[in-house]
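S.K.: Below are the structure tokens for one structure; questions will follow.
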2 protein chains.
Amino acid sequence: MTIPDAAPDATPDSAPGAGSGPVAPTEPADRGMPVTQRAIERIKERIADGTLKPGDRLPTERELASDLGVSRSSMREAIRALTTLGVLEARHGAGVYVTALRPADLLETFSVLAEVSQGETLIEVLQVRRMLEPAATALAAARADDAQLRRLGEILNRMDADGGSAGADAYADTVSADLTFHQAIVEITGNATLAAINDGLSSRTFNARVWRGHREAGITARLREDHERIYRALRARDPDAARAAATMHVLEVERWLRADLTDDVG
Amino acid sequence: MTIPDAAPDATPDSAPGAGSGPVAPTEPADRGMPVTQRAIERIKERIADGTLKPGDRLPTERELASDLGVSRSSMREAIRALTTLGVLEARHGAGVYVTALRPADLLETFSVLAEVSQGETLIEVLQVRRMLEPAATALAAARADDAQLRRLGEILNRMDADGGSAGADAYADTVSADLTFHQAIVEITGNATLAAINDGLSSRTFNARVWRGHREAGITARLREDHERIYRALRARDPDAARAAATMHVLEVERWLRADLTDDVG
DNA sequence: GAGGCGAATTGGTCGGATCACTTGTACGCG
DNA sequence: CGCGTACAAGTGATCCGACCAATTCGCCTC
């Protein structure tokens, strides 16, 4: 280090064992890999092999940079990347920690799909939901307990209340309540991974775009009908009915979206 | 040397309108948001509202930093984050570009779930696959053309060939071929989003972990049977049979995984 | 006109300095 | 003694300026 100029011939890393510090030697697999990427891989390794466990605190950025033999700038980029992935969490002034590594943590990035996708991809997203939601709803019908059903009923009531008052806010509230309703159902399945994926596929942004321009009378009513049917099937603990009701609901949304896309494009 | 100390009292950003360059004014929504995060949001906005389209080239890092009023370091971290999300792509010496924004680009991050997850989450992942793969396989059965079926047959043959030679490499090859087989099926559905999600849920790492310790005789044979059944259903263009065969296959994998986890933990 | 050489462009890495937030500790007041 | 405040150390966040490395493109040569 110090004054890098002069004598570019004396390659400092010629011998792997000639390290002059706690710098980890470059492994063969790292050949040609950018420095920052290497740092990312190293941290992921430590997590995958159990050296770093959920909730653990990492060494300081300065230490990590020194350990891995990279500059602090590169180390910070690596941390930023892993933070974006939901693997690490940086707390200003406190340190960098490994997240709980729950599916919700790792799949938060999912929502960007709904944020930036357009046209055909939006329909594909709905096709996936058409596969997931019926199965999830059927599973929920078999597992729901009384408290969970009660909560669903309350959400439905709230949606009805909003439907009565016509206004700009009521629209946003309806979107929000619809989201909550479906999320609550998926949560009943007890599968956090499924819940996280479904969240990503049904983000607020996505729904807002699907429903833009579809506020004419009748939509709200039909929506409520769909939800009512799903709710009844869950109360009856009838998986088949629940599956069918969920399928119809997603199909309906897909129909609206297709109409919307046709209007926009052609 | 240098020491830029002096006069830390004169707050330079006292008045919002006193910008001395092309620096975009801080919007109300950015209050309290870290600088880098703000930069990330700005870029995402430009993509969401169409200012930046897939394939477009962004201004240089130095320009962007200047435009958004942040240092190049922070700008680079923002770009790193968006690169990690699969939204941007940096080419050394050439520039930063918006990716095609295809589902495969945006869902590449999905694989970290399979990389770092453990125990219960792995089972949850399989439960999701149990919802997706049957539906996908059924859809594929209805849509497959002759060329696609021929390709599937070739993959199956390759797996059979590997099964004959017992060796360490044959194991890796089988994992690889199994992956290819299922990916090929999902691709037949024509739904790129579905394919990307399934890829993430069935990553090489994941499969390798599921199968670790399950190499006893009979497994390979049973696997081949499963695949054979799925293949026959697809050839017969029988969605119901395809769905059932896929379901049984995933159930079988889930059974192995549960046994594996029980061995490890209890 | 084709091919190669070299400068300009642009992302990648580095090291240092400073700012801002958190945490733990010691001091002082009640 | 107990509690709260103030201070100080630790640590991430931001900024700056420089240099390295890959790419691009224009100019020159043949």
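S.K.: Do you know which of the residues in region B:87-112 that are more than 8 Å from every other protein chain (Cβ to nearest Cβ) and assigned to a loop (DSSP other than H, G, I, E, B) is nearest to B:Arg42 (Cα to Cα)?
M.R.: It comes out as B:Thr99.
S.K.: Here's another thing I want to ask about it. For region B:41-55, name all the residues that are at the interface with another protein chain (Cβ under 10 Å from one of its Cβ atoms), in contact (Cβ under 8 Å) with a residue 40 or more places away in the chain and not in a loop (DSSP other than H, G, I, E, B).
M.R.: B:Lys44, B:Ile47
S.K.: Filter region B:42-95 for residues that are hydrophobic (A, V, I, L, M, F, W, C) and closer than 20 Å to A:Ile79 by Cβ and give the result.
M.R.: Listed by number, the residues that qualify are B:Ile43, B:Ala65, B:Val70, B:Met75, B:Ala78, B:Ile79, B:Ala81, B:Leu82, B:Leu85, B:Val87, B:Leu88, B:Ala90.
S.K.: Could you count how many residues in region A:113-157 are free of Cβ contacts under 8 Å to residues at least 24 places away in the same chain, assigned to a helix (DSSP H, G or I) and among the polar types (S, T, N, Q)?
M.R.: Final tally of qualifying residues: 2.
S.K.: Being away from DNA strand C (no atom under 15 Å from the Cβ), on the phi > 0 side of the Ramachandran plot and of a type outside the set (Gly, Ala, Ser) narrows it down to one residue among B:Leu126, B:Leu101, B:Leu122; which is it?
M.R.: The unique qualifying residue is B:Leu101.
S.K.: Taking region B:72-81, which residues are touching a residue at least 12 places away in the same chain (Cβ under 8 Å) and more than 7 Å from DNA strand C (Cβ to nearest atom)?
M.R.: B:Ser74, B:Met75, B:Glu77, B:Ala78, B:Ala81
S.K.: Next question, about the same structure. Restricting attention to region B:113-158, which residues are at the interface with chain A (Cβ under 9 Å from one of its Cβ atoms) and of a type in the set (Gly, Ala, Ser)?
M.R.: Selection gives B:Ser117, B:Ala135, B:Ala136.
S.K.: Scan region A:56-76 residue by residue and report those that are more than 10 Å from DNA strand D (Cβ to nearest atom) and either crowded, with 16+ Cβ neighbours inside 10 Å or assigned to a helix (DSSP H, G or I) (or both).
M.R.: Matches in region A:56-76: A:Ser66, A:Asp67, A:Leu68, A:Gly69, A:Val70, A:Ser74.
S.K.: A follow-up question, please. Is region A:89-100 home to any residue that is under 15 Å from the mean Cα position of the chain (by Cα) and either surrounded by fewer than 23 Cβ atoms within 10 Å (Cβ to Cβ) or closer than 22 Å to B:Leu101 by Cα (or both)?
M.R.: yes
Any read-out appearing in this document is the output of simple, stated calculations on the displayed coordinates, not a laboratory observation. Remember, it's a predicted structure, so these values are computed and weren't measured experimentally. All Cβ positions, glycine included, derive from the backbone under ideal geometry; neighbour counts span all protein chains shown.
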